[in-house]
Structure formats: C-alpha cells, structure tokens
Amino acid sequence: MIRLAGTLVRAAGWPRTLLLAACTAVVTALLLVVIAYAELPAQPDEWLMSVVYDTGTRGGAAGGALVLALPPLVLLHQVVRFGTSARERRLAALRLAGATPREVRRLGAIEVGIPSAAGALLGVLLFWLLRAVAGGIRHDDVRTPSMYAQQVHRFVGNVHLVPVTVAPPWWSYVAVVVGVSLLGVAVGLFATRAVVATPLGLVRRGRRAAPRPWGLVVIVLAIVFATSYTSAAWYDRMSDDEDQIFGVALVAMALVGLMSLAPWLAWLTGRVAAARASSVAVVLGARRLVHDPRPAGRAAAGAGGIGLVAGGWAVFVADVSGDSGGYAGPLALVALMLLAALLVVVGSLAVHSVEQVVDRRPSIAALAAMGTPRSVVTASQRWELGLVAVPIATIGALAGALFLASVEWEPGMGVAIVAAPVVTGLLVWLAVVIAVGLVSPATRHVTDVAHLRAE
Amino acid sequence: MSEPILRARGLRKAFGRTEALRGVSVEIQPGEIVAVTGPSGSGKSTLLLTLAGILRPESGEVLYDGASLADLGEDARTKLRRRQFGVLLQFGHLVPELTAVQNVALPLLLEKHDRAASRRSALGWLERLGVDGLADVLPGEMSGGEMQRVALARALVTGPRVLFADEPTGALDTVSGDEVLTVLLAEAKQAGSTVLVVTHDNRVAARADREIVLRDGAVDDTWGAA
C-alpha cells in the first residue's frame, strides 16, 4: 500500500509534493518555537527581543507564532486540492483496477501523508536553523562571532526571537512531527470528502447549499468579550498570565470567525456583483463564486487574518508613535511577519486560481474559440479572487483596528482606523494581481484554442 | 459562381510526428452548407479549426472574404471569430457556472452590448430554439440535447456569417441529434449563414449541400467519382 502511495506521490508531481512538505515544515518549526517559549523561565539566561524576553508580552509572541502557522495550513489545504481532476482520475483508475472505496480513501490520505511527514521532519531542522539564525545570545557567551554568523547578522539584524538556553523536550518533537503529519492526512481526507469513489470515476456529491455566516457569531462573541474586558469587575482580578491568555484567545476567536466567514462572504459578494455586472470578466468571476464559494473563500481566508493583525498593528503604531523607540523592533518584526503571511496568501490564491482554470479547461478553451480574449479570462480570475480577498481583508483590518482601539482609545487612532482597511485592501488587491500573474502561463496554456480538439 | 467566402490553399498541419493535414485545398461558397466527413484521424476537426482561425497551419493559407487569416494578429483573429464566426463543439462546452441565458448573452456582452438588451436577445434565441424554459437553468442540470441547443443559440446570437460545427450531434441520441441538426440547418438557412459541419453521421452529411471527404489528411477526390 505504501509503495503504491509512493507511486501516486510521484504521479502528483514534484511541485505539489514540495509545496506540501514546505507547508508542514513551516508549521512544525513555528509550533516548536511556541513550545520553546513555554519552556523559558521568567528571567531567561539569554538576551532575546523584548517581545519574547518580557513575560508580559511572551504570550502574545507565542500567539503571533501560532497565527503565522495559519496561512501555511490554508495553503496546505489548497495544495492538496491542487490538481484535483488528475488526482481523481488516478484514484478512479485504482477503483477500476479493483481497489475498494476504503482502500482508495486510505491511499488518498497516505498520498498526502508522505510529503506531510517528510515536511514535518524537515520542520525540526528548520527550527534548529531558526535557532542558529535568529536565536538569543547567552549571557555567558563571550565568543567572537564567526564570519558566517556575522554575514547572517548583516541580513537579519538584531532579531533574537528563538530561545537557545532552553529547548523543547524530546517528546514534544515527536508529538509535533506526528501531529503535523496527521494534520496533513486529515487535510487530505477533508479535501476529498466531497467526492465518492466509483469505478467510473469520482463523482461529486450533489450541489451544496450556500454557506452560512456562522463566523459572524464568533466575531460578535469576541467583540462582546473584548468590550467587557475593560469594564468587567473580574478584569482587575486577572493576573498577567491570565490577561495574556485572554487576549490571545480573543484574537484567536476573531481569526477563526473571520476565516470561517470567508466562504459566505465570497458567495455574498459574488451574488451582488453578478446581479449588477455587465462586464464579462466580472460576470464570470462572480458567478464562479456563487456557484462554488468555498474554495475561493478558503483560499482568501488568510487575507482576513492578515487584515485583523494589520488593523491592530496600525492602531498600536498610532498609539505609540510619539514614543516608538522601545517598540520599533517588535513592530518592524510584526510588519515583516505580515509580509511573509501575505506571500503565503499569494501562494494560496495562485494555487486556487490555477486549479480553477485547469478544472474548467474545456469551457475556457471554448470561450476562447468563440472569441473571448485571454485578457477577459485573466481579469475574471482577478475578480473571482478580489471579490472575496479584498472585502475579507478590509473587514479584518477594520475589526482589528476597532478591537485594539476599544481596549484603550487615544485620539490619534482615528486616522489609523480609517487608513488600515484602505491600505490593507489595496495590498491584498496587489497580492491578487501578483497571484493571477504568477499563474498566467497556466492560463495561457488552458486558453490556447489549439487544445480544443484535434484529430 | 460568386467569390468563395472561405478558401484554403495547400494547408499543412502536424501534431508532433502526426501529419493531420497534408496540403488540403477547399473552397466554400456563401450560404453553402458543407459537411466534412471521413474516418477517425483523417483531419476533419483540424481542417475545421484551421478554417475558423483557431489553429494556425504550418504552411498554406486560409482566405476569408479574400483576406488571409495569416495576416491577422491574435487579437484580430479573436475579434473575427467573435463577430463573423460561430463555433459549436461536440459537447457544447457551456460555462458551467452560468445559466442558459447568461451563456447565450456572453458573446453580446463581450461586444459591450447593454446588459438588458443582451439578455432580451439571448432569451429570444432560446425561445427560437425551443429551450426558453431553461433560461435560468445551469448546464449541469440539462440533458445533452438541451445543452447543445443552448450552445447553438450562443453560436448564433451574434448573427455569424459562418457557423463552424464540430460533431454537433456526436454526443446525442438519434432523436436529439436529429432535432438539433434540423434547428441548426433551419436557422442557418434563414440567416443566410454558411455552415461547415464536421460529422461521422451519414444522415447529417445527406442534409448538406455538398460533402468534402478527408482521408489521411487529404481531400479524397475519388469519393463519389464512380
């Protein structure tokens, strides 16, 4: 069975395998960083950035690392979906060859599990690499830095984020590697749950109902908790640790709410745009969202998380603008992390976009044959992604900004509350343009009318 | 005899080592209904797609109204297909997310027609083809014959001078195929369109004005000589 799954992995192509492994490697490394933070004593024997060194902000740093793990997880799901048609044909061929539905499902899970496990193991190496590159400086370390270390330092500056005096216990490595591998398998099963294996090919289950805005409930709950945060009587009785856990939990709630809201938002914006548009590109993009909003919603969900953090970041910058000296490093770091997360979202959007055009190859080639310019097909890809990614990022940024402003209002925050959603929306639109640009060779290939049919 | 609307001279086209067309020359008169027949692999579809400006030949040329398609850039060929040609394929290839009326209105919207007027025009064509009841239905919920009628409406909605149909009844049962063919020929006659239809079906060929038989990538001149 494993050998057959290995053959399927090779058939899936190296780009997909490498992307899967890269996603789980990043998630593993980030989880190990979080565990290392938990191992740190109140007074570490090393110099670390204040956001990690101070117990008051260490929980937030751990939360930030966990938040950073979300975009790779979303990308992991997208990559699993990548090449779904070809994957379904491979699995259907196995059914024809005599494999039972259970065996086919198991093979599908193992096919994703192998690269996920390999990536999780590489994640341990990545964690140790992070320790070497962005590790703390021991109080007793008086060695002269090597040339290599000096070179690295020139690039990363004074980034000392990963503890070096403590390490995650051995069992936590095992737990994280096994857990992340299983997570990959679970995502593999999740991505194929909508199909049923038959010997004649995998048939999608019937049309699904439109998504519901359940995410709003979670967001409203987070807002209610946030509002009560400063006014409730129990606020004063909370310790620093409890305070941090409460804050991270609120951010997590808002993130989960926003990200689960994305498919519903995709359906809603698609419906509104399709009802009013007369441009073919908008009609095509919007109708794709109405017809099947979940894939685009999931692909763009990370943009909501980025918006939330970016909104909070902008308000915080406005709050400390007069006294930013002590915060300059951590704030720049958060900005870098946001940029990294945005790059992951670009990848997620690009994977979704290429999957869409490949899955619709016959109808897109027919559109080209009847005289639809390639630019219209490309614009429809931009609209499909932009109609969900930009609103979810804008809403996220507004929510993040209001969330932080509600905790402690300062007059200077007003501009940030307005600017954060606008700038975030523009940046995410730029990410959409880049994502669609990245997959333009695939789009060109699919719209080549020479592929229509030829004897 | 009037000037041919389409003329192909010495068309050659290969896919890898397979030569699909080997020096094909044909002429199509305005308003003519021509069936292109021949065994599988004889180059029928390749000839149709080349005449429609979809495939570019390695050598030889296609003239439309006396002008060579080789002189047109990709944009100009795209606009030519949109404004002058209609293309109907074996499986319809409708956009799965769009309803029937939205699919039919697409070519008009591409020409920047008003949204409401495009919809009215599309509804009119659906009615003419007897599928107006499916206006708001998605392709996935239609039968093969219904899909092909909607695809035919999409091909005819711009009033094309030439309709290229590649096995338009190939995926349909006998009854549905006959219905689609009858509608296709009647509408083309009424609009004065030229029709080039690739088919394996002798009954389709029998209803054409003329038949071009291909064999091994070349026109079979011996066919019908006896």
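The values are calculated or read from the model by the stated rules, or taken from the named source; none is laboratory data. This structure is a prediction, so every number in the text was calculated from the model and none was measured. Here the Cβ positions follow ideal geometry from the backbone for every residue, glycine too, while neighbour counts run over all protein chains shown.
For region A:1-20, check the following and say yes or no: at least one residue is in a helix (DSSP H, G or I) and modelled with pLDDT of 90 or more. Looking for residues that are in a helix (DSSP H, G or I) and modelled with pLDDT of 90 or more, one finds none in region A:1-20, hence no. Considering each residue of region A:220-232 in turn, at least one proves to be farther than 30 Å from A:E103 by Cβ, modelled with pLDDT of 70 or more and surrounded by 20 or more Cβ atoms within 10 Å (Cβ to Cβ).
For A:V345, the requirement of being buried (at least 22 other Cβ atoms within 10 Å of the Cβ), more than 14 Å from every other protein chain (Cβ to nearest Cβ) and either in a helix (DSSP H, G or I) or at pLDDT below 90 (or both) is met. Where strands (runs of 3 or more DSSP E) fall wholly inside region B:119-222, no range has 3 or more residues that are among the small types (G, A, S) and either within 13 Å of another protein chain (Cβ to nearest Cβ) or buried (at least 20 other Cβ atoms within 10 Å of the Cβ) (or both).
One line per residue, one yes/no per condition, for (1) within 12 Å of another protein chain (Cβ to nearest Cβ); (2) among the β-branched types (V, I, T); (3) on the phi < 0 side of the Ramachandran plot:
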position: A:A262; (1), (2), (3): no, no, yes
position: A:S278; (1), (2), (3): yes, no, yes
position: A:V282; (1), (2), (3): yes, yes, yes
position: A:R294; (1), (2), (3): no, no, yes
position: A:R298; (1), (2), (3): no, no, yes
position: A:A303; (1), (2), (3): no, no, yes
position: A:I306; (1), (2), (3): no, yes, yes
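Could you say whether any residue in region B:169-182 is touching a residue at least 40 places away in the same chain (Cβ under 8 Å), in contact with a Leu (Cβ under 7 Å, 6 or more places away or on another chain) and closer than 25 Å to B:T50 by Cα? No, region B:169-182 contains no residue that is touching a residue at least 40 places away in the same chain (Cβ under 8 Å), in contact with a Leu (Cβ under 7 Å, 6 or more places away or on another chain) and closer than 25 Å to B:T50 by Cα.
Just checking, does region A:366-373 include any residue being within 14 Å of chain B (Cβ to nearest Cβ), in a helix (DSSP H, G or I), closer than 24 Å to B:T158 by Cα and free of Cβ contacts under 8 Å to residues at least 12 places away in the same chain? No, there is no match, as no residue in region A:366-373 is within 14 Å of chain B (Cβ to nearest Cβ), in a helix (DSSP H, G or I), closer than 24 Å to B:T158 by Cα and free of Cβ contacts under 8 Å to residues at least 12 places away in the same chain.
With the requirement that a residue be of a type in the set (A, V, I, L, M) and surrounded by 24 or more Cβ atoms within 10 Å (Cβ to Cβ), what does region A:378-389 give you? Those that are of a type in the set (A, V, I, L, M) and surrounded by 24 or more Cβ atoms within 10 Å (Cβ to Cβ): A:L385, A:L387, A:V388, A:A389.
For region A:262-306, taking the residues that are charged (D, E, K, R) and assigned to a helix (DSSP H, G or I), the one that is nearest to A:V428 (Cα to Cα) is identified as A:R298.
Pairs are defined by a Cβ separation below 6 Å, a sequence spacing of at least 6 or placement on different chains, a first member in region B:55-73 that is at negative phi, and a second member that is assigned to a loop (DSSP other than H, G, I, E, B) and not acidic (D, E); the pairs so defined are B:L69/B:G53. Among the helices (runs of 4 or more DSSP H) confined to region A:24-134, the ones with at least 2 residues that are β-branched (V, I, T) and at pLDDT 80 or above are located at A:101-134.
Conditions tested, residue by residue: (1) within 13 Å of another protein chain (Cβ to nearest Cβ); (2) modelled with pLDDT under 85; (3) not in a helix (DSSP H, G or I).
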site: A:M337; (1), (2), (3): no, yes, no
site: A:S363; (1), (2), (3): yes, yes, no
site: A:W383; (1), (2), (3): yes, no, no
site: A:I395; (1), (2), (3): no, no, no
site: A:A416; (1), (2), (3): no, no, no
site: A:V428; (1), (2), (3): no, no, no
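Residue-level analysis places A:V351 outside the set of residues that are farther than 23 Å from A:A419 by Cβ, within 14 Å of chain B (Cβ to nearest Cβ) and in contact with a helix residue (DSSP H, G or I) (Cβ under 6 Å, 6 or more places away or on another chain). Just one of (1) within 20 Å of B:A165 (Cβ to Cβ); (2) modelled with pLDDT of 90 or more fails for B:T78. It is (2). Do the conditions hold for B:R77, that is, is it over 12 Å from B:A151 (Cβ atoms) and touching a Leu at 6+ places or on another chain (Cβ under 7 Å)? So B:R77 fits the description; yes.
Every condition in (1) crowded, with 21+ Cβ neighbours inside 10 Å; (2) away from chain B (no Cβ under 14 Å) is met by A:A249 except one, and the failing one is (1). When B:P160 is tested against (1) under 11 Å from the mean Cα position of the chain (by Cα); (2) farther than 21 Å from A:A366 by Cα, just one condition goes unmet, and that condition is (2). Screening region B:21-107 for strands (runs of 3 or more DSSP E) wholly inside it with 1 or more residues that are surrounded by fewer than 16 Cβ atoms within 10 Å (Cβ to Cβ) and within 12 Å of chain A (Cβ to nearest Cβ) returns no ranges.
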